[in-house]
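The values are calculated or read from the model by the stated rules, or taken from the named source; none is laboratory data. Everything numeric here is computed off the predicted structure, so don't read it as measured data. Methodologically, a virtual Cβ is constructed for each residue, glycine included, from the backbone with ideal geometry; neighbour enumeration extends over all protein chains shown.
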Amino acid sequence: QISGSMGHASKNVIQAECLEFMNMHGMNISNSYAHSRQKMDIVMYLKMNRIQQLNSIGFIWDSLEHAWNEHFNQLCAFKAKNGHCIVSQNDAQNISLVEWVRQQRLLYKKNTLNSNYIQQLNSIGFIWVLHERSYELDLVWDLCDLS
(Lines give C-alpha, C1' and ligand atoms only; values in the text may rest on other atoms or scores of the structure.)
Protein backbone atom coordinates (compact mmCIF):
# COMPACT_ATOMS: atom_id res chain seq x y z
CA GLN A 1 0.00 0.00 0.00
CA ILE A 2 1.21 3.48 -0.85
CA SER A 3 1.54 5.82 2.07
CA GLY A 4 2.13 9.55 2.47
CA SER A 5 5.87 9.19 1.92
CA MET A 6 7.89 7.95 -1.01
CA GLY A 7 10.32 6.41 1.46
CA HIS A 8 13.75 7.59 2.49
CA ALA A 9 15.76 8.55 -0.57
CA SER A 10 19.47 8.28 -0.14
CA LYS A 11 21.50 11.48 0.15
CA ASN A 12 23.20 10.67 -3.17
CA VAL A 13 19.89 10.39 -5.01
CA ILE A 14 18.71 13.75 -3.68
CA GLN A 15 22.05 15.37 -4.55
CA ALA A 16 21.84 13.89 -8.04
CA GLU A 17 18.33 15.29 -8.52
CA CYS A 18 19.49 18.70 -7.30
CA LEU A 19 22.45 18.68 -9.69
CA GLU A 20 20.22 17.57 -12.55
CA PHE A 21 17.84 20.43 -11.82
CA MET A 22 20.69 22.94 -11.59
CA ASN A 23 22.18 21.73 -14.88
CA MET A 24 18.79 21.85 -16.63
CA HIS A 25 18.33 25.46 -15.56
CA GLY A 26 21.91 26.69 -15.98
CA MET A 27 22.41 27.38 -12.29
CA ASN A 28 25.64 27.85 -10.46
CA ILE A 29 26.18 28.94 -6.90
CA SER A 30 27.95 32.31 -6.85
CA ASN A 31 26.66 34.23 -3.80
CA SER A 32 24.64 33.55 -0.69
CA TYR A 33 21.40 35.16 -2.00
CA ALA A 34 21.64 33.28 -5.27
CA HIS A 35 22.48 30.14 -3.35
CA SER A 36 19.40 30.56 -1.11
CA ARG A 37 17.16 31.33 -4.07
CA GLN A 38 18.50 28.39 -6.03
CA LYS A 39 17.97 26.09 -3.06
CA MET A 40 14.34 27.27 -2.86
CA ASP A 41 13.89 26.65 -6.59
CA ILE A 42 15.39 23.19 -6.23
CA VAL A 43 13.13 22.32 -3.30
CA MET A 44 10.06 23.53 -5.23
CA TYR A 45 11.12 21.52 -8.28
CA LEU A 46 11.64 18.42 -6.18
CA LYS A 47 8.30 18.88 -4.44
CA MET A 48 6.47 19.36 -7.74
CA ASN A 49 8.28 16.38 -9.21
CA ARG A 50 7.32 14.21 -6.22
CA ILE A 51 3.72 15.44 -6.40
CA GLN A 52 3.57 14.57 -10.09
CA GLN A 53 5.07 11.14 -9.40
CA LEU A 54 2.57 10.48 -6.63
CA ASN A 55 -0.35 11.66 -8.77
CA SER A 56 0.81 9.46 -11.65
CA ILE A 57 0.53 6.33 -9.49
CA GLY A 58 -2.88 7.27 -8.11
CA PHE A 59 -1.75 8.50 -4.70
CA ILE A 60 -4.70 9.38 -2.47
CA TRP A 61 -4.11 12.74 -0.79
CA ASP A 62 -7.26 12.77 1.36
CA SER A 63 -8.17 9.28 2.49
CA LEU A 64 -11.35 10.39 4.27
CA GLU A 65 -12.68 12.16 1.17
CA HIS A 66 -11.72 9.16 -0.94
CA ALA A 67 -13.52 6.75 1.39
CA TRP A 68 -16.63 8.96 1.39
CA ASN A 69 -16.66 9.08 -2.42
CA GLU A 70 -16.19 5.31 -2.63
CA HIS A 71 -19.23 4.74 -0.40
CA PHE A 72 -21.25 7.35 -2.26
CA ASN A 73 -20.47 5.55 -5.53
CA GLN A 74 -21.57 2.26 -3.92
CA LEU A 75 -24.83 3.92 -2.88
CA CYS A 76 -25.36 5.22 -6.43
CA ALA A 77 -24.83 1.69 -7.76
CA PHE A 78 -27.24 0.36 -5.13
CA LYS A 79 -29.84 2.90 -6.23
CA ALA A 80 -29.33 2.07 -9.92
CA LYS A 81 -29.94 -1.60 -9.12
CA ASN A 82 -32.79 -1.20 -6.61
CA GLY A 83 -34.44 2.08 -7.57
CA HIS A 84 -33.99 3.64 -4.11
CA CYS A 85 -31.35 4.56 -1.53
CA ILE A 86 -32.80 2.65 1.42
CA VAL A 87 -30.16 0.09 2.32
CA SER A 88 -31.67 -2.46 4.71
CA GLN A 89 -29.83 -2.96 7.97
CA ASN A 90 -30.25 -6.68 7.34
CA ASP A 91 -28.45 -6.54 3.99
CA ALA A 92 -25.51 -8.90 4.51
CA GLN A 93 -24.10 -8.12 1.06
CA ASN A 94 -23.72 -4.42 1.86
CA ILE A 95 -22.58 -4.34 5.49
CA SER A 96 -20.08 -1.54 4.89
CA LEU A 97 -22.66 0.49 2.98
CA VAL A 98 -25.28 -0.08 5.70
CA GLU A 99 -22.91 1.34 8.32
CA TRP A 100 -21.90 4.28 6.10
CA VAL A 101 -25.54 5.22 5.38
CA ARG A 102 -26.33 5.03 9.10
CA GLN A 103 -23.34 7.28 9.84
CA GLN A 104 -24.45 9.86 7.23
CA ARG A 105 -27.91 10.05 8.82
CA LEU A 106 -26.38 10.43 12.28
CA LEU A 107 -24.01 13.21 11.18
CA TYR A 108 -26.88 14.94 9.39
CA LYS A 109 -29.04 14.75 12.50
CA LYS A 110 -26.19 16.26 14.56
CA ASN A 111 -25.80 18.97 11.89
CA THR A 112 -22.14 18.03 11.39
CA LEU A 113 -22.27 16.53 7.91
CA ASN A 114 -20.37 18.46 5.23
CA SER A 115 -22.81 20.55 3.16
CA ASN A 116 -21.30 19.25 -0.10
CA TYR A 117 -22.02 15.71 1.04
CA ILE A 118 -25.60 16.67 1.89
CA GLN A 119 -26.05 18.14 -1.61
CA GLN A 120 -24.63 15.01 -3.23
CA LEU A 121 -26.88 12.73 -1.20
CA ASN A 122 -29.93 14.92 -1.86
CA SER A 123 -29.16 14.81 -5.59
CA ILE A 124 -29.77 11.05 -5.65
CA GLY A 125 -32.90 11.14 -3.50
CA PHE A 126 -31.35 10.08 -0.21
CA ILE A 127 -33.92 9.74 2.57
CA TRP A 128 -32.67 11.34 5.77
CA VAL A 129 -35.42 10.22 8.15
CA LEU A 130 -36.50 6.67 7.52
CA HIS A 131 -39.88 6.76 9.22
CA GLU A 132 -41.03 9.45 6.75
CA ARG A 133 -40.11 7.19 3.85
CA SER A 134 -41.69 4.17 5.56
CA TYR A 135 -44.94 6.10 5.87
CA GLU A 136 -44.79 6.96 2.15
CA LEU A 137 -44.10 3.33 1.21
CA ASP A 138 -46.93 2.09 3.44
CA LEU A 139 -49.27 4.56 1.75
CA VAL A 140 -48.20 3.38 -1.71
CA TRP A 141 -48.66 -0.27 -0.72
CA ASP A 142 -52.10 0.51 0.70
CA LEU A 143 -53.10 2.25 -2.54
CA CYS A 144 -51.80 -0.64 -4.61
CA ASP A 145 -53.51 -3.31 -2.52
CA LEU A 146 -55.96 -4.98 -4.87
CA SER A 147 -57.49 -7.41 -2.40
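So the values come out like this:
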{"quantity": "Residue tally, condition assigned to a loop (DSSP other than H, G, I, E, B) and either of a type in the set (D, E, K, R) or in contact with a strand residue (DSSP E or B) (Cβ under 6 Å, 6 or more places away or on another chain) (or both), over segment 60-88", "calculated": "1"}
{"quantity": "Residues (of a type in the set (Ser, Thr, Tyr) and either in contact (Cβ under 8 Å) with a residue 24 or more places away in the chain or crowded, with 16+ Cβ neighbours inside 10 Å (or both)) located in segment 55-114", "calculated": "96, 108"}
{"quantity": "Residue check, residue 16 modelled with pLDDT of 85 or more, out of contact with any helix residue (DSSP H, G or I) (no Cβ under 9 Å at 6 or more places or on another chain) and aliphatic (A, V, I, L, M)", "calculated": "no"}
{"quantity": "Matching residues in segment 98-147 - criterion: being at pLDDT 55 or above and not in a helix (DSSP H, G or I)", "calculated": "110, 111, 112, 113, 114, 124, 125, 126, 127, 128, 129"}
